[in-house]
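*Asks:* Pasting a structure below so you can have a look.
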Amino acid sequence: MLKTITIVASLLALTATATPVLAASGEIPRGFLLYEHKTIGEQDPEDYWWVDVERAQWFAVSPCRGSRVDGVRGDPKVGRTGRAAARTVERSWQETTGLKEQVILYSTPAMAKRALREFKAAWKRCGHRRGFTRTLTTVSVGEEGWRTFTTRDGGYEDDDAIIARTANAVYVYLRPPTRTSVKPLLRDARAMAAKICDIADC
């Protein structure tokens with residue numbers, strides 16, 4: 001039997017239940033994210049969930065993935081100005097990313113709009129790289145939504161993600177790309193869009 005590891009609740013800023021707690025304005029309450037309940041309790045070291053609450057964290061999806069400047073090196077500060085709070089849940093499966101969910105609150109809707117403008121500008125600026133196909137297309141999520149899809153040599157080996165905005169909130173969902181990965185991404189992003197006004201300035 002695989003050994004298990006216990007994620008310490010205080011380090012993850014979680015309570016012992018999956019019920020969101022009330023938070024002050026400009027904060028993201030514990031348990032608010034759709035998948036945050038999965039981080040509670042014992043975790044399999046080969047397949048585990050964890051939470052990041054660092055306000056200055058990178059977007060869950062890099063605008064430069066599969067580009068000439070792959071990863072975060074091209075634009076490490078994209079979308080960081082004007083943040084009030086950030087919360088990310090990630091599933092790590094056999095040392096790879098299985099899923100990411102991220103909610104970021106900005107001080108104003110204008111700052112959230114700026115963050116998405118910076119993301120789109122970085123995506124274009126990073127350009128294309130031989131052997132990769134990168135697409136950025138609009139999707140019907142929130143007030144504005146984008147799907148970024150990266151494949152390597154015609155396969156499905158990189159990132160499929162949706163980044164969207166409602167009022168002063170930006171939220172991101174990322175999965176390993178498959179022929180059907182967009183369906184759960186849209187489902188999750190729209191579920192968050194339906195509840196984000198509980199904490200955003202809508």
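The values are calculated or read from the model by the stated rules, or taken from the named source; none is laboratory data. Just so it is clear, the model here is predicted, and its values are computed rather than measured. When we count neighbours, we look across all protein chains shown, and the Cβ atoms used for this are built from the backbone with ideal geometry, even at glycine. Areas reflect the complete protein model, heavy atoms only, side chains present, ligands, DNA and RNA absent. Shrake-Rupley method; radii C 1.70, N 1.55, O 1.52, S 1.80 Å.
*Asks:* So, Met192, is that one surrounded by 15 or more Cβ atoms within 10 Å (Cβ to Cβ), in a helix (DSSP H, G or I), in contact with a Leu (Cβ under 9 Å, 6 or more places away or on another chain) and at pLDDT 95 or above or not? Even if it seems obvious, please write down each step before you answer.
*Replies:* Numbers: surrounded by 15 or more Cβ atoms within 10 Å (Cβ to Cβ): yes; in a helix (DSSP H, G or I): yes; in contact with a Leu (Cβ under 9 Å, 6 or more places away or on another chain): yes; at pLDDT 95 or above: yes.
It is true that Met192 is surrounded by 15 or more Cβ atoms within 10 Å (Cβ to Cβ), in a helix (DSSP H, G or I), in contact with a Leu (Cβ under 9 Å, 6 or more places away or on another chain) and at pLDDT 95 or above.
*Asks:* Going through the stretch 120-139 one residue at a time, which ones are modelled with pLDDT of 95 or more and either open to solvent by 90 Å² or more (accessible area, probe 1.4 Å) or within 13 Å of Ser67 (Cβ to Cβ) (or both)?
*Replies:* Within the stretch 120-139, Thr138 is the sole residue that qualifies.
*Asks:* Shifting gears a bit: Quick check on my filter: what residues within the stretch 123-143 are touching a residue at least 24 places away in the same chain (Cβ under 8 Å) and at positive phi?
*Replies:* Gly127, Gly142 - these are the residues of the stretch 123-143 that are touching a residue at least 24 places away in the same chain (Cβ under 8 Å) and at positive phi.
*Asks:* Scanning for something assigned to a strand (DSSP E or B) and either modelled with pLDDT of 95 or more or small (Gly, Ala, Ser) (or both), does the stretch 105-119 turn up at least one residue?
*Replies:* Looking through the stretch 105-119, at least one residue is assigned to a strand (DSSP E or B) and either modelled with pLDDT of 95 or more or small (Gly, Ala, Ser) (or both).
Yes/no matrix, rows are residues, columns are (1) under 22 Å from Asp188 (Cα atoms); (2) modelled with pLDDT of 60 or more; (3) surrounded by fewer than 18 Cβ atoms within 10 Å (Cβ to Cβ); (4) out of contact with any strand residue (DSSP E or B) (no Cβ under 9 Å at 6 or more places or on another chain):
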{"residue": "Leu2", "(1), (2), (3), (4)": "no, no, yes, no"}
{"residue": "Thr17", "(1), (2), (3), (4)": "yes, no, yes, yes"}
{"residue": "Ala24", "(1), (2), (3), (4)": "no, no, yes, yes"}
{"residue": "Tyr48", "(1), (2), (3), (4)": "yes, yes, no, no"}
{"residue": "Asp70", "(1), (2), (3), (4)": "no, no, yes, no"}
{"residue": "Ala86", "(1), (2), (3), (4)": "yes, yes, no, no"}
{"residue": "Arg91", "(1), (2), (3), (4)": "yes, yes, no, no"}
{"residue": "Gly98", "(1), (2), (3), (4)": "yes, yes, yes, no"}
{"residue": "Gln102", "(1), (2), (3), (4)": "yes, yes, no, no"}
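*Asks:* Would you mention how many residues in the stretch 186-201 are in contact with a helix residue (DSSP H, G or I) (Cβ under 8 Å, 6 or more places away or on another chain) and closer than 12 Å to Leu33 by Cα?
*Replies:* If we filter the stretch 186-201 for residues that are in contact with a helix residue (DSSP H, G or I) (Cβ under 8 Å, 6 or more places away or on another chain), which is where we start, we get 201.
Filter again for closer than 12 Å to Leu33 by Cα, leaving none.
Going through the stretch 186-201 one residue at a time, the tally reaches 0.
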